[in-house]
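Notes follow the structure.
The values are calculated or read from the model by the stated rules, or taken from the named source; none is laboratory data. Computed from a prediction, not measured in an experiment: that's the story for all the values here. Reconstructed Cβ throughout: ideal geometry from the backbone, glycine too, with neighbour counts over all protein chains shown. To get the accessible areas, we keep the full protein, side chains included, count just its heavy atoms, and leave off ligands, DNA and RNA. Shrake-Rupley method; radii C 1.70, N 1.55, O 1.52, S 1.80 Å.
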Amino acid sequence: DIRIAFIGNTSPYKGYPLLEEVLVELSTEGKQNWRLSVWGGAKYQHPQYSGISFRGKYSSAQLESIYNNTDLLIVPSIWKETFSLITLEALSYGVPVLVSSTVGAQDIVAQYDKQFIFETREDLKNKLKLILSTPHLLSEFNRKIMKNTWEYTQEKHVDEIRLIYEQLIKE
């Protein structure tokens, strides 16, 4: 099974209900080779779907274990987000990320594989169907991550944001 993770608030604007709906739909269509771990919030088993587990809150000490047990992180936000530190964090652990085009970190994901950025609900479904049918895509993404020198730090991010604002001020 492909071990999928969602980390964060399960509010609609973060896209969790969309993700759950798409995964359940894929399951009813026969694509059942996945398990979803939801990190953040309460800890419980999904009442209707055994493939979805709510793991509860986590600490930074658990991050390595969480990412070592994740084949794919999904960031399905439906509203615009300036960035996604979760995306950056997953990539730093070598974990492929499927991200909504509304998330600023899509630019970083695009450096590795543009097919891991989705636009619409149907696009999310089709990309997940492809990944579940051809799991080697995750291995290829992981190899691309591991080949690159990881040079992205919080300091570098702050410097990039500062440069953007400096350019805006000059205009």
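Data for the structure
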{"read-out": "Filter result for the condition that a residue is under 20 Å from Arg3 (Cα atoms), of a type in the set (Val, Ile, Thr), touching a helix residue (DSSP H, G or I) at 6+ places or on another chain (Cβ under 9 Å) and in contact (Cβ under 8 Å) with a residue 24 or more places away in the chain, over Val97, Val109, Val103", "value": "Val97"}
{"read-out": "Subset of region 83-92 (residues that are in contact with a strand residue (DSSP E or B) (Cβ under 8 Å, 6 or more places away or on another chain) and either in a loop (DSSP other than H, G, I, E, B) or of a type in the set (Gly, Ala, Ser) (or both))", "value": "Phe83, Ser84, Ala90"}
{"read-out": "Search result, residues across region 70-82 that are part of a loop (DSSP other than H, G, I, E, B) and either open to solvent by less than 40 Å² (accessible area, probe 1.4 Å) or on the phi > 0 side of the Ramachandran plot (or both)", "value": "Thr70, Pro76, Ser77"}
{"read-out": "Checklist (1) open to solvent by 20 Å² or more (accessible area, probe 1.4 Å); (2) of a type outside the set (Val, Ile, Thr); (3) in a strand (DSSP E or B) applied to Glu155, failing item", "value": "(3)"}
{"read-out": "Enumeration of residues in region 35-52 that are hydrophobic (A, V, I, L, M, F, W, C) and open to solvent by 10 Å² or more (accessible area, probe 1.4 Å)", "value": "Trp39, Ala42"}
{"read-out": "Pairs where the first residue, in region 62-86, is under 14 Å from Leu98 (Cα atoms) and charged (D, E, K, R) and the second is open to solvent by less than 30 Å² (accessible area, probe 1.4 Å) and modelled with pLDDT of 90 or more, C-beta under 8 Å, 6+ apart", "value": "Asp71/Ile2; Asp71/Ile4; Asp71/Val95; Asp71/Pro96; Asp71/Leu138"}
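Residue-by-condition table, conditions (1) more than 17 Å from the chain's Cα centre (by Cα); (2) surrounded by 17 or more Cβ atoms within 10 Å (Cβ to Cβ); (3) at pLDDT 95 or above; (4) not aliphatic (A, V, I, L, M):
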{"residue": "Tyr16", "(1), (2), (3), (4)": "no, yes, yes, yes"}
{"residue": "Glu25", "(1), (2), (3), (4)": "yes, no, yes, yes"}
{"residue": "Glu29", "(1), (2), (3), (4)": "yes, no, yes, yes"}
{"residue": "Ser60", "(1), (2), (3), (4)": "yes, no, no, yes"}
{"residue": "Ile66", "(1), (2), (3), (4)": "no, yes, yes, no"}
